[in-house]
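The block underneath contains the structure these notes are about, expressed in structure tokens.
The values are calculated or read from the model by the stated rules, or taken from the named source; none is laboratory data. Predicted model only: the values in this text are computed from it and were never measured. So basically every Cβ, Gly included, is an ideal-geometry build from the backbone, and we count neighbours across all protein chains shown.
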Amino acid sequence: MTLRIDLKSSVPVYRQMVDGLRVLLVNGELKPGDQLPPVRRLAMDLGVHFNTVAESYRTLANEGWLEIARRSGAKVIARKAPKRGQAEVAETFDHRLRGLAAEMMARGFSRESVVRELRRLAETLEAH
Amino acid sequence: MFFLISTAIVLALAVLAHFLPGWMRPELYFAVRVDPEFRETEAGRRILLRYRLIVWAAAVAAIETELALRPEWVALYVFGFLVALIDAHRRTLPYAVPPATVSEVDLSAPAEKFPGGPIVMFFPIVLLSLLALWADHHFEQLPRQIPVHWGIHGADQFIERTHAGVAQYLGLCAGASLLFAFIAWGIFYWSRRVSTRGPASTTERRFRRRNAQMLLVVSWFMAVQAWITLARPNQAFLGPVVVLVAIVAILVTLIRYHQGPGDRAPDSCWKLGIIYYNPADPSMFIPKRFGIGYTFNFANRWTWIVFCAVLVPICVRVILK
């Protein structure tokens, strides 16, 4: 269960952290009751500022994934299933996915490898 | 006798400096991140040879200075060693490889527990408090002159038996004891884990734990030495002997345990290969790139607070003297 960030990426570290943790939460690798590392610990291990980690925990707490307590840190909680996604939201995500695929190809990945990655992702999602 | 001991110290230091580059992590060469095979190349060997020549030249110069009965021999050796290291570091820099930009953390890794917890950390203070009470009740039994510093010739600095003197001595021991305990705690909770997975992570954990344990032993030793000095002054000389044995034991143990994997900081953050200054790193402690153990991140404001807390009282004392 690894959180991975690229300090040289054009995507802000905060965004990478939120996205990475959300993937683990959606995939069920992080389960309700699991404790996340303290803000200080994670910040030092990743080599990023404390506020970056705290902010990403707060974002996930606002989404209903985490509960943040002053003493015990961040804990994964059971999240109520949100209302069915709206059409315009789906459109936004579709746009982002297309953008990501285009970025991969722009960085030299072949069309086939992008399709393979997307298929692998779809299979992972279906398995959960 | 003095000459034999000081020559043995210089030779031991030179032998240590001679082999030190070989004990460092393979991806680091004179505090520069290089290809692990670099040390076997012609350029790598040339740098090592030059470093060793300077180290041994400094050792010979230090021994000659001793023969002339001049006290600068230690400073001369240290200066020579630093010149050798900085020179080797500078010559290795052109062969540096860029650092990895990807950081990974295993979120399932169990939290590490500080060895012994707060009881072990603060026990020396309890011991020193008890000693203060004992000293107050047995004030007349205390030696008239209390040795507080030992050199090659034996005890060379004393404090007079006064309430203020004893209190000052115990305060000094408590301060030193707390400092070592704080550094042990900092290595545990205020340093970055470079590896969080696999065998590299195990090595790093083991090395960190052993470092913290060693520092706690030194912290305890401060309190025990104070007891011996005040309650058993005739055996106080045992303290420095124990310190010497402990230093050797610590070095051997840490070399045996191996330092964990290298840090991900850019080479530019390691000034002269010795001083770590990285404002982007929130850690206060980081494993040394050259040498055994940990060092401070001088870009962390807490490092300066600790340095001031230690150095200001010493400077004030020296000035008042």
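Residue check: is A:E91 away from chain B (no Cβ under 12 Å), modelled with pLDDT under 90 and not in a loop (DSSP other than H, G, I, E, B)? Criteria met by A:E91. Just one residue in the set B:R161, B:R210 is free of Cβ contacts under 8 Å to residues at least 24 places away in the same chain, farther than 16 Å from B:F122 by Cβ and either surrounded by fewer than 16 Cβ atoms within 10 Å (Cβ to Cβ) or more than 14 Å from chain A (Cβ to nearest Cβ) (or both); that residue is B:R161.
When you look at B:G171, is it within 24 Å of the chain's Cα centre (by Cα), closer than 18 Å to B:Q225 by Cβ and part of a helix (DSSP H, G or I), yes or no? For B:G171, the condition - within 24 Å of the chain's Cα centre (by Cα), closer than 18 Å to B:Q225 by Cβ and part of a helix (DSSP H, G or I) - is met. From (1) in a loop (DSSP other than H, G, I, E, B); (2) within 14 Å of chain B (Cβ to nearest Cβ); (3) more than 21 Å from B:A280 (Cβ to Cβ); (4) more than 14 Å from the chain's Cα centre (by Cα), pick out the condition that doesn't hold for A:A74. Failed condition: (1).
Taking region A:30-71 as the range and being part of a loop (DSSP other than H, G, I, E, B) and out of contact with any strand residue (DSSP E or B) (no Cβ under 9 Å at 6 or more places or on another chain) as the test, the residues that pass are A:H49, A:E63, A:G64, A:R70, A:R71. Scanning region B:259-288 for residues that are over 26 Å from A:R40 (Cβ atoms) and in contact with a helix residue (DSSP H, G or I) (Cβ under 6 Å, 6 or more places away or on another chain) yields a count of 2.
Does B:E112 satisfy the criteria of being over 19 Å from B:Q259 (Cβ atoms), out of contact with any Cys (no Cβ under 8 Å at 6 or more places or on another chain), among the acidic types (D, E) and not assigned by TED's automatic domain parsing to the domain that holds B:L251? Taking the combined requirement at face value, the residue does not satisfy it. Of all the listed residues (A:V11, A:V18), the sole one being within 26 Å of A:R107 (Cα to Cα), more than 10 Å from chain B (Cβ to nearest Cβ) and buried (at least 17 other Cβ atoms within 10 Å of the Cβ) is A:V18.
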